[in-house]
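We did not get these values from a lab; they are worked out from the coordinates using the rules stated. These numbers were taken from a predicted model, which means no experiment stands behind them. A quick note on method: Cβ atoms are made from the backbone with ideal geometry, for glycine too, and the neighbour counts reach across all protein chains shown.
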Amino acid sequence: MHEAFIEVLKCPICNSHLTLSSSTKKIGTIIVRGTLKCPTCGRSYNIISGIPYLSVLDQTEEIIAERYGLLFTYWLNNYFGNKLYGLIAEEELTEFLNSLGIKEEYLNGLWILDVGCGVARLDAMLALKGAYVVGTDIHTALPLVYYYIVRSVPKVMREGKLLIVNQDIHHLTFNKEFDIVWCEGVLSYVRDPYKAVINLVKLVKDGGMLYIWAYGRTPYQVSSTKVKLSKLLRRGRLISKSTSPTRIFKLASIIAVPYALTNIVRLEKVGYRELIFHLYDILIQEYITFLDISKLTRIILRNGLEVRYIKVHDSSFSLLAIKR
Ligand SMILES: [Zn+2]
């Protein structure tokens with residue numbers, strides 16, 4: 001992490017500013033290893049391989065973090081090709097801009113928070129366009145993500161444009177408000193989505209935007225086959241909290257075969273490995289909530305934002321809100 005980002009971080013427990021301890025390994029302005037201390041509550045947080053660790057996870061979240069770690073390690077090793085959730089890099093950036101209704105030129109100098117950043121491919125692109133980007137996630141492959149970015153686009157780290165931080169949505173706090181808070185595909189998979197959304201809302205600055213994509217209780221809601229399958233496998237005890245990520249990955253690889261065959265019949269352009277990715281992504285979840293969109297909207301309005309749009313898809317929705 002670039003040292004300039006220290007002033008952005010806060011203690012996830014007591015919300016105080018953090019200070020860097022003296023025994024720190026630095027390369028220029030980049031902190032590779034060190035400890036952040038909270039002078040108020042006395043807790044300390046490690047910086048390992050350039051990543052500050054500020055998450056406060058329960059046992060279930062630790063399990064999910066490890067499972068996602070496996071998925072993103074495979075992705076970074078190119079097992080799934082260049083698509084991520086069905087999109088190549090340029091499409092991911094275009095989707096981001098279109099969802100917010102902004103042009104690329106507008107990104108320069110903006111502060112963007114990406115909650116659930118995954119492999120941070122989008123974040124690196126936004127940083128290259130001149131934005132200051134903070135990407136948060138809890139998965140165990142974050143150090144790999146860090147080195148992947150340092151190798152592929154060192155400039156964004158060197159210039160202090162991108163911070164990757166291990167921080168969970170239930171303890172999200174920064175000494176900064178953001179022009180854009182982006183949360184795609186995360187809220188449906190967390191312990192308490194309605195509480196978590198308040199943390200997102202608080203981090204939007206005046207005039208700033210909050211974008212959410214999640215599964216919702218929509219009028220068109222079709223019961224997702226993947227979600228049904230996940231429940232079935234749990235009922236049959238083929239998956240439980242103690243099932244290792246590798247075993248779930250094997251299960252996803254087996255189940256993807258009939259899916260792939262159906263796709264050949266339908267002539268859809270989704271590859272076998274991409275199907276494994278999508279299946280695994282659902283099978284690993286310990287929490288799956290189809291959000292009550294009205295309830296979520298009420299929380300957002302109550303906390304001072306205006307809803308610009310809600311677009312309902314089959315089982316999911318996207319929402320854009322603005323802070324006035
Ligand atoms: Zn503290």
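Any idea what log10 I(q)/I(0) is at q = 0.10, 0.13, 0.20 Å⁻¹ for the range 106-221, Debye with uniform C-alpha scatterers and no solvent? Here log10 of I(q) over I(0) equals -0.29, -0.49, -1.08.
Phi angles across the range 169-181 convert, under the Karplus curve 6.51 cos²θ - 1.76 cosθ + 1.60 with θ = phi - 60°, into 3J(HN,Hα) values of 5, 7, 10, 7, 8, 9, 8, 6, 10, 10, 6, 9, 10 Hz, Gly and Pro given as x. Taking every DSSP bridge with both residues inside the range 176-324, close to 65 percent are antiparallel.
The Rg/Rh ratio for the range 225-283 is 1.00, where Rg is the radius of gyration of the alpha carbons and Rh is the Kirkwood radius. Partners of residue 176 within straight-line reach, counting aspartates and glutamates whose Cα lies under 16 Å from its Cα and excluding those fewer than 8 residues away in the same chain: 3, 7, 114, 206. Amide H to amide H, with H built 1.01 Å from N, residue 308 comes under 5 Å of 320, 321, 322, counting only residues 5 or more places away or on other chains. Rounding to the nearest 20 debye, state how big the charge dipole of the range 138-188 is about its Cα centre with +1 on each Lys and Arg Cβ and -1 on each Asp and Glu Cβ. Dipole about the Cα centre, nearest 20: 320 debye.
Isolated cysteines of the chain, defined as having no other cysteine beta carbon under 4.7 Å away, are 117, 183. Couplings for the range 77-82, taken from phi via the Karplus curve 6.51 cos²θ - 1.76 cosθ + 1.60 with θ = phi - 60°, read 8, 6, 5, 9, x, 9 Hz in order; Gly and Pro are left as x. The value for the range 90-163 of Rg(Cα) / (2.2 N^0.38 Å) is 1.04. Taking 0.36 nm per residue of separation and subtracting the Cα-Cα distance, full extension of the segment from residue 15 to residue 313 would add 103.6 nm.
The antiparallel fraction among DSSP beta bridges confined to the chain stands at about 60%. When each of the peptides 279-292, 115-128, 234-247 is scored by how many other beta carbons lie within 10 Å of its residues on average, the order from highest to lowest is 115-128, 279-292, 234-247.
Within the range 128-236, which GluC sites (Glu not before Pro) sit in a loop by DSSP and count at most 16 neighbouring Cβ atoms inside 10 Å? The qualifying sites are 159, 177.
As a ratio to 2.2 N^0.38 Å, the alpha-carbon radius of gyration computed for the range 194-294 takes the value 1.34. Shown in residue order for the range 41-55 are the 3J(HN,Hα) couplings computed by the Karplus curve 6.51 cos²θ - 1.76 cosθ + 1.60 at θ = phi - 60°: 9, x, 6, 10, 10, 7, 10, 10, 6, x, 10, x, 9, 10, 7 Hz (x for Gly and Pro). Length available on full extension from residue 104 to residue 88: 0.36 nm per residue minus the Cα-Cα distance, which gives 4.0 nm.
Springs between Cα atoms under 10 Å define the GNM used for the chain, and in it the highest mean-square fluctuation of 87, 296, 144 occurs at 87. Across the range 1-101, the fraction of Cα-Cα pairs farther apart than 21 Å, rounded to a whole number, is 56%. Size of the chain from its Cα atoms: along the principal axes, largest to smallest, the extents are 59, 41, 38 Å. Short-range pairs are left out: with C-alpha atoms under 8 Å and at least six residues apart, the relative contact order of the range 95-150 is 34 percent.
Of the residues 254, 120, 189, the one whose Cα sits farthest toward the positive end of the charge dipole of the chain, with +1 on the Cβ of Lys and Arg and -1 on the Cβ of Asp and Glu, is 254. With no solvent and one equal point scatterer per Cα, compute the Debye intensity ratio I(q)/I(0) for the range 169-245 at 0.15 Å⁻¹ and report its log10, rounded to two decimals. Treating every Cα as an identical point scatterer, log10 I(q)/I(0) equals -0.71.
Taking amide H as placed 1.01 Å from N in the peptide plane, residue 162 has its amide H under 5 Å from the amide H of 133, each at least 5 places away in sequence or on another chain.
Kirkwood analysis of the range 151-211, using all unique Cα-Cα pairs, places the hydrodynamic radius at 13.1 Å.
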